[in-house]
Every structure is written in C-alpha cells, then in structure tokens.
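So the structure is just underneath, and the comments pick up after that.
The values are calculated or read from the model by the stated rules, or taken from the named source; none is laboratory data. All of these numbers come straight from a predicted model, not from anything done at the bench. Don't worry about glycine lacking a Cβ; one is built from the backbone with ideal geometry, like all the others, and counts go over all protein chains shown. Please note that ligands, DNA and RNA were not included when accessible areas were found on the heavy atoms of the full protein model with its side chains. Shrake-Rupley method; radii C 1.70, N 1.55, O 1.52, S 1.80 Å.
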There are 2 protein chains.
Amino acid sequence: MSDRITMAHGSGGTQMQELVEQAFTSIYGNALLLTGDDAAVLQPEELQASGARLAFSTDSYVVTPPVFPGGDIGRLAVCGTVNDLATSGARPLYLSLGFILEEGFLLAELKRIVASIATAAEQAGVLVVTGDTKVVEQGKGDGIYINSSGVGVVAPGVELGGRNCKPGDIIVCSGSLGDHGIAIMSMREGLNFEAPLQSDAAPLDKLTSAVLAAAPHTRCFRDPTRGGLASTLTELARQSCTCMLVEEDKVPIKDAVRGAADMLGYDVFHLANEGKMIAVVPEEEAAAALLAMQQSPYGSDAALIGTVVSVEHPELPRSHKHQVYVRTSLGTLRVMDVLSGEQLPRIC
Amino acid sequence: MSDRITMAHGSGGTQMQELVEQAFTSIYGNALLLTGDDAAVLQPEELQASGARLAFSTDSYVVTPPVFPGGDIGRLAVCGTVNDLATSGARPLYLSLGFILEEGFLLAELKRIVASIATAAEQAGVLVVTGDTKVVEQGKGDGIYINSSGVGVVAPGVELGGRNCKPGDIIVCSGSLGDHGIAIMSMREGLNFEAPLQSDAAPLDKLTSAVLAAAPHTRCFRDPTRGGLASTLTELARQSCTCMLVEEDKVPIKDAVRGAADMLGYDVFHLANEGKMIAVVPEEEAAAALLAMQQSPYGSDAALIGTVVSVEHPELPRSHKHQVYVRTSLGTLRVMDVLSGEQLPRIC
C-alpha cells in the first residue's frame, strides 16, 4: 500500500477497504465500529427500559460537479444519510449538516443547495437540527463540501445486519442500477444523450419500512453507493461467510445507462446509486418484499436479482472465497469483481 | 453582504452570523435549529416514556496547521464535539467521524491523527461508532478535514440554554482564555516564545457534570471557541435579552498569551479556546459552581469573571442593545465588540 493517500482510497473499492483497516479500525477499533454496517445501532443505558435503540450514521459529500441532472450535493447529503439510517431498519429523525465552503463560492448557489436540502428533508420526514459552517481559502476546497450525520430510532426486535444473510435467501433490488454514477460521469465527460441521464438520488426510508412490515424476517438492507452493487454484495458475502449468485439478466438497468457505461468503459455493477436499496430476505418472504418495494415510492422497478449461496454450492468453482458470482445470459458464471483503482472519483 | 463567500464568513463573528441567517435559517428554519444553542436537545416519541432526551451536535475541523503545540486536528475533533454536547448538560456517548483527505496526504500522519483521536475519545469516555472517508484531488483540499458529530443523553430535568440567563446571574469561566488561538496564530507567524504556547484542547464533560451537580440551577454552558469570549457572551446576551458585564482584571489570561496577542494585534477576547467552558449560574450557586470547576480536570484556574445585568442597569450607557461590557482595571466601561472581518481564519 502506498505511503500517501491516493484517489483510489476514496473509491469505495479494494483500496478504501485497506485504508479503513490500516488507518482506522486497527488503531481505533471497538465492537460497534467493527460491525461494518452502514449505520451504528446503539442502546445507551438510559434507553434500555424503553427497548428503543438509536441508529447513527455519517457521510461527507464531495461530489463534482455539485449540481447535476436529477439533483445536487444538498439532495445527496440528505438522501445518502437517510438511506444509511434506513439500512438499519431505523426511522430517520434528525440530521446535522456541516458545510466546508471555499472562499469565493457564490452565495446564490449555496442558497439553492440549502433549498434543495429543505425539499429532500421534507420528503424524508427528517429535521435538520444542528449545523456548522467553515470557510477555507480559495484553492483549499472545491466550492462546497457537506457532511451530514443522522440519528434515527430502531424499533424493538429489528436486528438487521450483513452477518444475517443465509444460503437460500433472496437478493431484492429496488430499481435500476447505475443511474447516479452515469449521470455524474456523463456530465463530467461532456456527453449528451437523447434520453437525459438523471441521478436517482431519493430518500428510501418509506421503502425500507414497507419491506420490513411485509417481510419481517428481512436479514439486511444495504444501499449500493460508492463501489456499486459489486462492493455491496461482496461486503455482505464477507460479513455472512457466504457467496452471492446474481442473475445478470434480472438486474434492472436502463438501456441508456448500459449504453453510456459501455461507451465510457465502466462496469455497471461498479456504478454508484443514490436512490436504490438492496434487501436480503428469506425465500418465503421474497414475493412479499418485492411487492412492498414495487408499491413504495422509488421502488416501481424492483426485481429479485439473485440468491445467497453457500461457498460449497455445487455450481461454484472451488475457490472457497466469500465473493459474488454473476450468471450471464449465456449461462456461464463469472466473478463480480470489486472496483479497484480510481476510475470513479468524487461520485458522491 | 457580498454575493460570494469570504473568509470572514467562517470566523465565528458578525459575518458568520449574517451568513447563517441569510443562507440557512431563513431558508431552512425549524424550532429546534433556531434555539441557537451549541447542541440540539431532542425527544423522539419513542423516548418520551423514559424521560431521557438526546443531545446532537456537529462540527467540521479545518484547522491549519493540522498538528500544533498541545494537540492536533484529531484531538480537536473529539474535544470540540464532546464540549458542544456538554454545553447542553448531556453525557456525551457516541461520535461519528467523516474524513475528507487530500490526495498525497501522508498515511503516517493520518495514523498519528487517528491515534490522537483514540486517546482523546478515551479521556472523554466516548466511542467512535461510525465513520466515512472521502478523497479529493491535490489542490482541492488541504491535507485533512474532519467532521465529527456527537450524540449524548440529557438527564430528565436538565434544561439549559442561553435564553435562561437572568440579571444578577454570575459568569464563571473555567480557565485562562486565548491559549488555543494564540498557539495556532504564533505557529503560523513563526514566532518563538520562551514559554511555549500550547493549545488547551481538552474534553470538558466531567467539568460540566460536576458543575451541574454542585449548581443545579445552572442557566447554561457555552464553550468560547471561534469568536472567543466576545462572541459567546454576546450570543448569550441576545438570547436572553440581557447585557453582560465582565470585570477585565478577573478574566484569567496567561502573561505569555497576553504578550503574544498584543504583539500580533489580537484582542484576547476574540481568541478561540478549545478547552474552556463558560457557565452562567444564579448568584447563590456561584461559589459552589466555581469550586466544582476548580476541582475538575482542566478547571484549576476557574474564576468568576462577571455578571448578567439588565439593559436598564444604571451603570450602562442608554443604548438598550443586548451586548457585553467590560469594566477595565481603571474602572471605565467599554463594549466588548464581536469579532468582525477575517483576522483569525481556520483556527479550528
């Protein structure tokens, strides 16, 4: 590993995982931090009598450009953190916002972004309750960076986590993949398409709560942001010591997104999503979970895309690695590799 | 107001207050955000039966240089957010950390900063439970920026806030002012002093809980960070529609700090502190609050520095503004002005 930070350390792929292990969890590890889920679920002693637990999550947003088709950094800051809380089964309640502004940033653009935050927060039903603003000199930032942290409440009995996935479980995907990543990268590359490519940034807390009501034994949720579906499912496979088998032609992907990804040389499974949720549910609840997603806001294109399998599964090569396989439309199997390198920087 | 962000918008003084009003609270205001205290105090319905409330606060840290005498950006990120939670009377419990790293930052320096975070978190008794890392290109950051957000629990009956200050209350200061600001500015200016000037960065949660136990009618706490004592007391005066009268020769300030501030042209009341707490307490509990501070970690130099007075107080000029006055050692009164302009950028 390099002795300096590289762009790949922020990509959501292999190098980021290495950085987190070398620089964070090995120096500052504790049981709560080490679960590897997107939100920490906490029960301070003052809450034990009530049975309620807190969910707590944080994300910084450095996306460039800060305004893009379908959204902006403000909408992203609300949706990203709301969705991280939702992965724990929490009802998201409160957000904090920390702005790092570059000297010279236009006040009018800041106001537009704050208005977008207000709209997204209203959609998600969360309140921005505390904030902070810092300013750095020109050339020491890039217009605007936003951190949002969120607090929610997890109902008694809800115990989600990547560790819960079991062979036989079904992988449900709430909609078409790659929309956010390809909208950003197309804009950066100056590409124009007939059908406009739009970010999918959306709050998914109503979708996850509908799935939990319909499929009460849901194992876990995960939103496939940086690193895309490949990073998300690989993490789940490692956390649960299983493998994942994805049916390529069942994964919803828009033709325009697939075309743009091919043209730009990206694997759609590596592209970031900001309004999609992966759920892993027991087989007997899969149909109910799917229907709940399809009837939820932002879930109309949901699909069953694969299954959790044992590393001993007869169809798999005898690698015994906890990884993700794709069954192509030709019926062959290939490994869904985790993103490596820096090909998708500053996507969120 | 300029149509672009200036360094003064991050200074903790007048221009920052204007920015917050124009770009944040006027677009995205709600009752919780508008209290103007350093931490939001929240009671989701799931917690109502227990009587417990949550405290939630956020701060981003952009201090330059990131390592300085007496601390570093990691220690600051823990202490600053712990202290913001402590101002609400909360027991700080959990922290999130969001890193924005510049491409090329040394991994060894990151590891040193994370180790410093671990030490400070242990001192404060808080757990880092969730985190995020982003990387930006060289020239789009400045080595390392950290956001830390924190969650704590506020015991039933504790109702602190700047609005509670009443004429006759006593202002207690936990120790010498200006140490952090002058340590940073001296380092930037390349000044060397015989007595080394050190940042005071320290977690003050034990100090505030000792004061609350000794002085149960404490009105509020506030940590005088950006903008220093002047911003802190002016905010309290405005929130409570009072004035503050500070006795200049009772404010603890180290000779070396006063000397350096004079040499560099700074008003010591504008200098940032990262390990000091201001408490406003009723007169009859002032002695107990002072003793509790003096017996607490980081409070040995605590002092009673002034009183809350009515705007009608006979000693004050008839301005009827809610502001802060200093009685000098000569017995004359002057206004303690709020920091204006950009003279102390990126101090935390």
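In Å², nearest 100, what accessible area do chains B and A bury in total when the solvent probe is 1.4 Å?
Interface area, both chains combined: 7200 Å², rounded to the nearest 100.
In what sequence, largest accessible area first, do B:Ser57, A:Ser319 appear using a 1.4 Å probe?
Largest accessible area first, the list is A:Ser319, B:Ser57.
Quick check on chain A: take the gyration tensor over C-alpha atoms, sort the square-rooted eigenvalues as a ≥ b ≥ c, and tell me if it's rounded (a/c under 1.5), prolate or oblate.
Verdict is rounded for chain A.
Can you list, shortest first and in nm, the gaps between the label point of B:Gly157 and those of its counterparts in the other copies, using a point 7 Å from Cα in the C-beta direction?
Between copies, matching label points for B:Gly157 lie 3.6 nm apart.
Per residue of A:39-49, how many C-beta atoms from partner chains lie within 10 Å of its own C-beta, taken as a mean?
The shielding value for this peptide is 5.
Can you tell me the FRET efficiency between B:Cys241 and B:Thr328 if r is taken as the Cβ-Cβ distance and R0 is 22 Å, rounded to the nearest 0.05?
0.30
Take the Cβ-Cβ distance between A:Ser310 and A:Thr25 as r, set R0 to 35 Å, and report the resulting FRET efficiency rounded to the nearest 0.05.
0.80
Bin all alpha-carbon pair distances of region B:162-336 at 10 Å intervals from 0 and give each bin's fraction as a whole percent.
Bins of 10 Å from zero give 11, 39, 35, 14, 2 percent of pairs.
Points 7 angstrom from Cα along the Cβ direction at A:Arg163 and A:Gln48: gap in nanometres?
For A:Arg163 paired with A:Gln48, the spin-label model returns 1.9 nm.
What percent antiparallel are the DSSP beta bridges of the protein assembly as shown, to the nearest 5?
75 percent
Of the beta bridges DSSP finds with both residues in region A:162-336, what % are antiparallel, to the nearest 5?
Looking only at bridges with both residues in region A:162-336, the antiparallel portion is about 80 percent.
Take peptide B:26-37, look around each residue's Cβ out to 10 angstrom, count Cβ atoms belonging to other protein chains, and average those counts.
4
Provide the net charge surrounding A:Gln123, with neighbours chosen by a C-beta distance below 10 Å and charges set as Lys +1, Arg +1, Asp -1, Glu -1.
Local net charge: 0.
A:His9 accessible area, nearest 10 Å², 1.4 Å probe?
10 Å²
Which parts of region A:50-65, residue by residue, lose 40 Å² or more of accessible area when the rest of the protein chains are there, as against the chain isolated (1.4 Å probe)?
At a threshold of 40 Å² (probe 1.4 Å), the residues of region A:50-65 that become less exposed are A:Leu54, A:Phe56, A:Thr58, A:Ser60, A:Val62.
If Lys and Arg each add +1 and Asp and Glu each add -1, what is the summed charge of the other residues whose beta carbon sits under 13 Å from the beta carbon of A:Val82?
With Lys, Arg at +1 and Asp, Glu at -1, the neighbours total -4.
Determine the dipole magnitude for chain B: charges of +1 sit on the beta-carbon of Lys and Arg, -1 on that of Asp and Glu, nothing else is charged, the reference point is the Cα centre, and the result goes in debye to the nearest 20.
160 debye
How shielded is A:17-24 by partner chains, expressed as the average number of their Cβ atoms within 10 Å of its Cβ atoms?
4
Give the accessible surface of region B:35-154 per residue, rounded to a whole number of Å², with probe radius 1.4 Å and ligands, DNA and RNA excluded.
25 Å²
Along each principal axis of its Cα atoms, how long is the protein assembly as shown end to end? Whole angstroms, biggest number first, please.
91, 51, 41
Ignoring ligands, DNA and RNA, please state the percent of accessible area on chain B from carbon and sulfur, probe 1.4 Å.
Percent of accessible area from carbon and sulfur atoms in chain B: 50.
Sorted from shortest, what are the nm distances separating the label point of A:Leu34 from equivalent points in the other copies, each placed 7 Å from Cα along Cα to C-beta?
Ordered by increasing distance: 4.7 nm.
Give a residue-ordered list of calculated ³J(HN,Hα) values for region A:78-87 (Karplus: 6.51 cos²θ - 1.76 cosθ + 1.60, θ = phi - 60°; whole Hz; x for Gly, Pro).
6, 5, x, 6, 4, 5, 4, 5, 4, 4
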